[in-house]
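Take a look at the structure set out below.
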């Protein structure tokens, strides 16, 4: 039986996840199918077979080098994730997939804040556009994190007004185009889908009234 060409990389994913357990999740994406091929320590809730939303072709990675990052992204609950991506190639150098190592270091943030004035943090790249331009899920999480930081808020102390302001911000960014975007936002905010939908309808009606006025 012929082995999947990405199967050779799964022990590496397991090794990294085991070394940094429970803080590291390692995801192998298959470019040809745009799906998650393998995932070790899946704290993001993704599973093999889930859509990756990368929509990348092998030739698009020719000028990216073998390592992309480190860069920062947001977790499912807005926590800070530091990530790095390696391009997985066949014996001829053709890109087959990506291995993304996501390190959740939100638990260390208090210590990091204390050390920030003493140690210059390692520079990270801006959010790599090539990896996330089609991933509405990640865009939503990043926008929520940005909103919370700008308002000095946390998910635990959002009131209805804050929540609707956040929904308006997401709507202005055009992030509700995907079928399940409402469900994701509701899950992050820990409210029902109906509540999230009603909030969105309220802010849209308000915006429409202001335009007419």
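The values are calculated or read from the model by the stated rules, or taken from the named source; none is laboratory data. Predicted, not measured: the structure shown is a model, and the values here were computed from it. Note that we place each Cβ from the backbone using ideal geometry, even for glycine, and neighbour counts take in every protein chain shown.
Quick notes
- In summary, helices (runs of 4 or more DSSP H) completely within the stretch 78-181 and bearing 3 or more residues that are modelled with pLDDT of 90 or more occur at 160-172.
- Single condition residue 194 does not satisfy, out of (1) closer than 19 Å to residue 75 by Cα; (2) modelled with pLDDT of 85 or more: (1)
- Candidates in the stretch 1-39 are the residues that are free of Cβ contacts under 8 Å to residues at least 40 places away in the same chain and within 16 Å of the chain's Cα centre (by Cα); of these, the one that is surrounded by the fewest Cβ atoms within 10 Å (Cβ to Cβ) is 34.
- Among the residues of the stretch 48-76, those that are assigned to a loop (DSSP other than H, G, I, E, B), farther than 17 Å from residue 24 by Cβ and within 18 Å of the chain's Cα centre (by Cα) comprise 48, 49, 50, 52, 53, 54, 55, 56.
- The lone exception for residue 11 - which of (1) modelled with pLDDT of 95 or more; (2) under 16 Å from residue 102 (Cα atoms) it fails: (2)
- When residues of the stretch 188-197 are limited to those that are in a helix (DSSP H, G or I) and either in contact with a strand residue (DSSP E or B) (Cβ under 9 Å, 6 or more places away or on another chain) or touching a residue at least 12 places away in the same chain (Cβ under 8 Å) (or both), the one farthest from residue 106 (Cα to Cα): 197
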